[in-house]
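These notes concern the structure reproduced below.
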Amino acid sequence: MLRLDAVTFQNGSFRLAADLNVAKRRKVAVMGPSGSGKSTLVNGVAGFHEAITGRLFWDGAEITAMAPGKRPVAMLFQDGNLFPHLSVRQNAALGVRPDLKLSVGDWTRVDAALAEVGLGDLGARKPAELSGGQQSRAALARVLSQARPILILDEPFAALGPALKHEMLDLVERLVEETGATLLMVTHDPGDATRIADDIILVEGGQAHPPSSATKMLANPSPALRAYLG
Amino acid sequence: MAGRAQPVNPVWGSVAAAVVAAAILGALCAVFWRAEASLGLGPSDWAAIRFTVLQAALSATFSAVLAVPVARALARRQFAARGALVTLLGAPFILPVIVAVFGLLAVFGRSGWVSTVLGWVGLPPLHIYGLHGVVLAHVFFNLPLATRLLLQGWRDVPSEQFRLAAQLSFGAGETARLIERPMLARTLPGVWAVIFAICVTSFAVALTLGGGPRATTVELAIFQAFSFDFDLSRAAWLSVIQIALAGIAAVIALRLTPFEALGTGLDRPVRRWDVGARRLIAQDTMLITLAALFLLLPLSAIVLSGLAAIWHLPVQVWHAAGLSVLVALGSTAVLLSLALPMSWAIAAGSASRVEVAGILGLAASPLVIGTGFFVMLNPFVNPQSLALPVTALVNALMALPFALRILVPGAREVARGYGRLALSLDMRGWPYLRHVLLPRLMPRIGFAAGLAAALSMGDLGVIALFADPELATLPLQMYRLMAAYQMETAAGAGLLLLVLSLVLFWAFDAGGRRGAAA
């Protein structure tokens, strides 16, 4: 279980309060108006924003002071998920060892991850030689080889067209099911939430509310959510 | 966002900055300690100060004013060689001063090309020693710089403004009044101030074309106090004066210049609809041709006069060339080992002290630093025995502000674009440097290294202060040949120096770009 115990994240002069739990293997959409702090929440969980009060736990172990790279979190950012000068295979391999000194067994794992996302024969290419959808797949291969129990998506598919975005979300759902990861996903689109999420965390007014069932929330939105959805 | 932590430790940048600050401030302290203020300001000191300010002001004014029509012509015309010409405008930056002076003498000197033509129609030859010559050489170096800076100003005008001008059928006059003049009012003072600051500390031009009681700059007076009078305390006192002058000039320049001096993308002209008049086209063609000739004639003079001599240069010249290459490579290594960690620390946003150390070099001139080092070393060793390492170090310190201007934006880009990804992958230290930062920065590192190597290769400053008669870098050797009127050998040495400077620059720059592509 991911536990945010009376946490306040600081992002510049902005503060976001969160006191909530996310059960293991849940798929959670993080929704709310622009500037409400969705990104601050997930970046705080990933360790990029400091928790000035409260404590974070994963599986009962405290992670509040852990460096981002030591946390049980893999993350897809809005952009800059791949190093453009490294090959797709190297990019994916960074998830195993950041110094790229991989054993033969490690490389096999990387290649399996690439095959898993459908890039089995494109490992030698540079990201610029891939289409937008293929680049997203490559980033997912990196996340797969990181093999962390929490996956965070900070709107990485925002630049893709609707069909491609749905394809990527389906792939994410499959990978999360297979690996048993817990998913936190920032989104503006209630369609994304119904497509993939079990729960929704509503972020508004400097506060992240505890997750509750996506179907129920969307069928019967609270005033705050209704104001956002319009 | 990513301001909290970065995958490289900024401590190394602080260490490098401390080394730089210690070297520069140490030299300044030594100078202050050794200077005898009781000397006061004699008439010759006042003359030197007056001449320094006068030639710098004239050079800056001519360069900035002449650059306006040239930059305007380049900004509104498209032609085949435009890209090449804009690149050529960057060349004087890495052109050894002594080589340029030789070329200018060949074109504008007493027995140069222009004087010959004047002789055909019965006019007296030109005379370019003294104030004329110093200003001419400074304009040769800084007109291209001013043109590039103003071109940047034109490029920064949103292209919508020119489209709006077309909609309202502006002629060139309306465009000038409503768009160009406001832009120039913002940029010209900065351009003038930068060139003024450069010319205040210029040494080699004054050494070769100035001199005598009426054309001696403070920088040159330091050298003369040193080498002719062996008067260390007077040299130190003059250095204090020079620190004040250069410091004031640098502060003014930093105040007035918000722009990036080494901007790219200048080769893309904005489409214009207001300048089709035939008279304007003829005028621009003439201006561009004149500017190109002003740059190309001295360069061709060097190549033409050097070609004959370069095949049988005496062995001392080759020896000097070898030493110069070593100094240039050593200086580049020192520069990179200081500038790289400093740029990372500045990009991490945690160290404004590092930035201050980076621009200290602007306020101090090479001869001042050289004098300071001489004062510090003199009690312990014979400073002449350290001439080459000191030259390499001072050259690196002088190139540092430029290198940081090139490297810091790139380091910032990497930190912004990939810092979080690297942190989330737990990439730090050497793996991060090797796989992310260095490859991403490689084109900029190559460019900075190329500039540093070429600047050091062509430097005629500290080496003149420290070298004994047996020892010379190539620029110094060339200067000695010119002083001894061995013009043919000097021409060969000049061509060799030009080629070596360009090759060093090209090798590093191209190497950096290839390293990035691999």
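The values are calculated or read from the model by the stated rules, or taken from the named source; none is laboratory data. Please read all numbers here as calculations on a predicted model, not as lab measurements. Glycine also receives a Cβ, built like all others from the backbone with ideal geometry; neighbour counts cover every protein chain displayed.
Structure above, values below:
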read-out	value
A:Met168 being hydrophobic (A, V, I, L, M, F, W, C) and over 22 Å from A:Asn81 (Cα atoms)	no
Given (1) on the phi > 0 side of the Ramachandran plot; (2) free of Cβ contacts under 8 Å to residues at least 40 places away in the same chain; (3) not polar (S, T, N, Q), number of the condition B:Gly130 does not satisfy	(2)
Those residues of the range B:191-212 which are under 16 Å from B:Phe140 (Cα atoms), not hydroxyl-bearing (Ser, Thr, Tyr) and not in a helix (DSSP H, G or I), in sequence order	B:Phe203, B:Gly210
Unmet requirement for B:Arg480, which otherwise passes all of (1) among the basic types (Lys, Arg); (2) surrounded by 20 or more Cβ atoms within 10 Å (Cβ to Cβ); (3) without any contact (Cβ under 8 Å) to a residue 12 or more places away in the chain	(2)
Close pairs from the range A:91-103: first within 7 Å of chain B (Cβ to nearest Cβ), partner part of a loop (DSSP other than H, G, I, E, B), Cβ under 6 Å, at least 6 apart	A:Leu94/B:Leu425; A:Pro98/B:Leu425; A:Pro98/B:Asp426; A:Pro98/B:Met427
Matching option when the condition is buried (at least 18 other Cβ atoms within 10 Å of the Cβ), assigned by TED's automatic domain parsing to the domain that holds A:Leu20 and of a type in the set (D, E, K, R), among A:Lys216, A:Lys165	A:Lys165
Long-range neighbours under 8 Å by Cβ, at least six apart or interchain, first residue among the small types (Gly, Ala, Ser) within the range A:178-199, second part of a helix (DSSP H, G or I) and buried (at least 21 other Cβ atoms within 10 Å of the Cβ)	A:Ala193/A:Ala214; A:Ala197/A:Ala214
Residue in the range B:496-513 that is surrounded by fewer than 24 Cβ atoms within 10 Å (Cβ to Cβ), of a type in the set (D, E, K, R) and more than 22 Å from B:Val97 (Cα to Cα) present	yes
Of residues in the range B:397-421 being more than 14 Å from chain A (Cβ to nearest Cβ) and more than 20 Å from B:Ala454 (Cβ to Cβ), the one surrounded by the most Cβ atoms within 10 Å (Cβ to Cβ)	B:Ala411
The range A:61-88: number of residues that are at the interface with chain B (Cβ under 8 Å from one of its Cβ atoms) and outside any loop (DSSP other than H, G, I, E, B)	6
Test: B:Ala23 is under 30 Å from B:Met342 (Cα atoms), modelled with pLDDT of 85 or more and of a type outside the set (D, E, K, R)	yes
Residue match in the range B:171-183 (condition: surrounded by 22 or more Cβ atoms within 10 Å (Cβ to Cβ) and outside any helix (DSSP H, G or I))	no
Any hit, the range B:428-440, residues being β-branched (Val, Ile, Thr), part of a helix (DSSP H, G or I) and facing chain A (nearest Cβ under 8 Å)	yes
Segments classed as helices (runs of 4 or more DSSP H), wholly inside the range B:79-139, with at least 3 members that are closer than 25 Å to B:Glu488 by Cα	B:97-108, B:113-120
From the options B:Val354, B:Val408, B:Val394, residue that is in contact with a helix residue (DSSP H, G or I) (Cβ under 6 Å, 6 or more places away or on another chain), of a type in the set (Val, Ile, Thr) and modelled with pLDDT of 90 or more	B:Val394
Residue in the range B:293-313 that is more than 22 Å from the chain's Cα centre (by Cα) and crowded, with 23+ Cβ neighbours inside 10 Å present	yes
Lone qualifier among B:Gln224, B:Gln161 - being within 27 Å of B:Met457 (Cβ to Cβ), in a helix (DSSP H, G or I) and free of Cβ contacts under 8 Å to residues at least 40 places away in the same chain	B:Gln224
Which numbered condition A:Lys24 fails, given (1) within 14 Å of chain B (Cβ to nearest Cβ); (2) part of a loop (DSSP other than H, G, I, E, B); (3) touching a Ser or Thr at 6+ places or on another chain (Cβ under 6 Å)	(1)
Counted residues, the range B:110-158 - those being in contact with a Phe, Trp or Tyr (Cβ under 6 Å, 6 or more places away or on another chain) and either farther than 23 Å from B:Arg186 by Cα or outside the structural domain of B:Gly212 (by TED's automatic domain parsing) (or both)	3
Qualifying residue in the range B:454-462 (condition: within 20 Å of the chain's Cα centre (by Cα), among the aliphatic types (A, V, I, L, M) and not in a helix (DSSP H, G or I))	yes
The range A:35-49, residues that are within 13 Å of the chain's Cα centre (by Cα), more than 13 Å from every other protein chain (Cβ to nearest Cβ) and farther than 10 Å from A:Phe9 by Cα	A:Lys38
Which listed residue, of A:Thr53, A:Thr108, is more than 11 Å from chain B (Cβ to nearest Cβ), free of Cβ contacts under 8 Å to residues at least 60 places away in the same chain, of a type in the set (Ser, Thr, Tyr) and closer than 27 Å to B:Gln6 by Cβ	A:Thr53
Top-ranked residue in the range A:95-141 [being over 17 Å from B:Leu425 (Cβ atoms) and β-branched (Val, Ile, Thr); ranked as farthest from the chain's Cα centre (by Cα)]	A:Val104
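Residue by residue, here is whether (1) surrounded by fewer than 22 Cβ atoms within 10 Å (Cβ to Cβ); (2) on the phi < 0 side of the Ramachandran plot; (3) among the aliphatic types (A, V, I, L, M) holds:
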{"site": "A:Ala23", "(1), (2), (3)": "yes, yes, yes"}
{"site": "A:Gly37", "(1), (2), (3)": "no, no, no"}
{"site": "A:Asn43", "(1), (2), (3)": "no, yes, no"}
{"site": "A:Gly60", "(1), (2), (3)": "yes, no, no"}
